[in-house]
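**Student:** The structure is given below, and queries will be raised subsequently.
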Amino acid sequence: DTLFFRLKFIFGPSAVPALDLVDQRSVTRVVSPSGRTAYQVLGSSGKLYTCYSSCHFCTCPAFGFTVLQKSESLLCKHILAVYLSQAVGACQELSVSEEQLTSILLAEEEDEG
């Protein structure tokens, strides 16, 4: 209980939804043969978001608005779910080719543009 309250105190409204994503095993670590890594998180809306823990970035609209634009939060629920999944060993693993990883990254870019 103490850890839960600490998470909620630090990360605010992102804590509970992030824990739900971890419980649902919604986080997948995508790794290419070269070792490039990205994370995909199946959001509560059913949309797949790509997260980069190395640079603390998520493709979801909440990250762009709440974190980058308004600076109201440190991170979105998807990135927090990535970090929590890493900590408890709850990430699913997906090995892909370099071309597949490139397609995943370009698909996100096309969705935004």
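The values are calculated or read from the model by the stated rules, or taken from the named source; none is laboratory data. These numbers come from a predicted model, not from an experiment. Here Cβ is always computed from backbone atoms with ideal geometry, including for glycine, and neighbour counts include all displayed protein chains. Quick note on the areas: whole protein, heavy atoms, side chains included, nothing else; ligands and nucleic acids left out. Shrake-Rupley method; radii C 1.70, N 1.55, O 1.52, S 1.80 Å.
**Student:** Collect the residues in region 14-36 that are touching a helix residue (DSSP H, G or I) at 6+ places or on another chain (Cβ under 7 Å), open to solvent by less than 50 Å² (accessible area, probe 1.4 Å) and more than 15 Å from residue 88 (Cβ to Cβ), keeping them in residue-number order.
**Tutor:** Answer for region 14-36, where residues must be touching a helix residue (DSSP H, G or I) at 6+ places or on another chain (Cβ under 7 Å), open to solvent by less than 50 Å² (accessible area, probe 1.4 Å) and more than 15 Å from residue 88 (Cβ to Cβ): 14, 17, 30, 32.
**Student:** Next up: Does any residue of region 38-52 turn out to be on the phi > 0 side of the Ramachandran plot and touching a helix residue (DSSP H, G or I) at 6+ places or on another chain (Cβ under 9 Å)? Let's see the steps before the verdict.
**Tutor:** Of region 38-52, the ones on the phi > 0 side of the Ramachandran plot are 46.
Still in the list and also touching a helix residue (DSSP H, G or I) at 6+ places or on another chain (Cβ under 9 Å): none.
No: zero hits.
**Student:** Right, next: Within region 38-51, does at least one residue satisfy the condition of being within 15 Å of residue 26 (Cα to Cα), surrounded by 12 or more Cβ atoms within 10 Å (Cβ to Cβ) and in contact (Cβ under 8 Å) with a residue 60 or more places away in the chain?
**Tutor:** Our first condition is that a residue be within 15 Å of residue 26 (Cα to Cα); within region 38-51, this holds for 38-51.
Restricting the remaining residues to those that are surrounded by 12 or more Cβ atoms within 10 Å (Cβ to Cβ) gives 38-44, 47-51.
Now narrow it down to the ones that are in contact (Cβ under 8 Å) with a residue 60 or more places away in the chain: 38, 40.
The answer is yes, given that some residue of region 38-51 is within 15 Å of residue 26 (Cα to Cα), surrounded by 12 or more Cβ atoms within 10 Å (Cβ to Cβ) and in contact (Cβ under 8 Å) with a residue 60 or more places away in the chain.
**Student:** Residue 11: modelled with pLDDT under 90, among the aromatic types (Phe, Trp, Tyr) and open to solvent by less than 50 Å² (accessible area, probe 1.4 Å), yes or no?
**Tutor:** Details: modelled with pLDDT under 90: yes; among the aromatic types (Phe, Trp, Tyr): yes; open to solvent by less than 50 Å² (accessible area, probe 1.4 Å): yes.
Answer is yes for this residue.
**Student:** Let me ask something else about it. What residue, among those in region 52-63 that are loosely packed, with under 13 Cβ neighbours inside 10 Å and not polar (S, T, N, Q), is farthest from residue 31 (Cα to Cα)?
**Tutor:** Pass one, region 52-63, residues loosely packed, with under 13 Cβ neighbours inside 10 Å: 54-55, 61.
Filter again for not polar (S, T, N, Q), leaving 55, 61.
Details: 55: 16, 61: 24 Å.
Taking the candidates together, the pick is 61.
**Student:** So, in region 68-102, of the ones that are surrounded by 11 or more Cβ atoms within 10 Å (Cβ to Cβ), small (Gly, Ala, Ser) and more than 13 Å from residue 31 (Cβ to Cβ), which residue ends up nearest to the chain's Cα centre (by Cα)?
**Tutor:** 81
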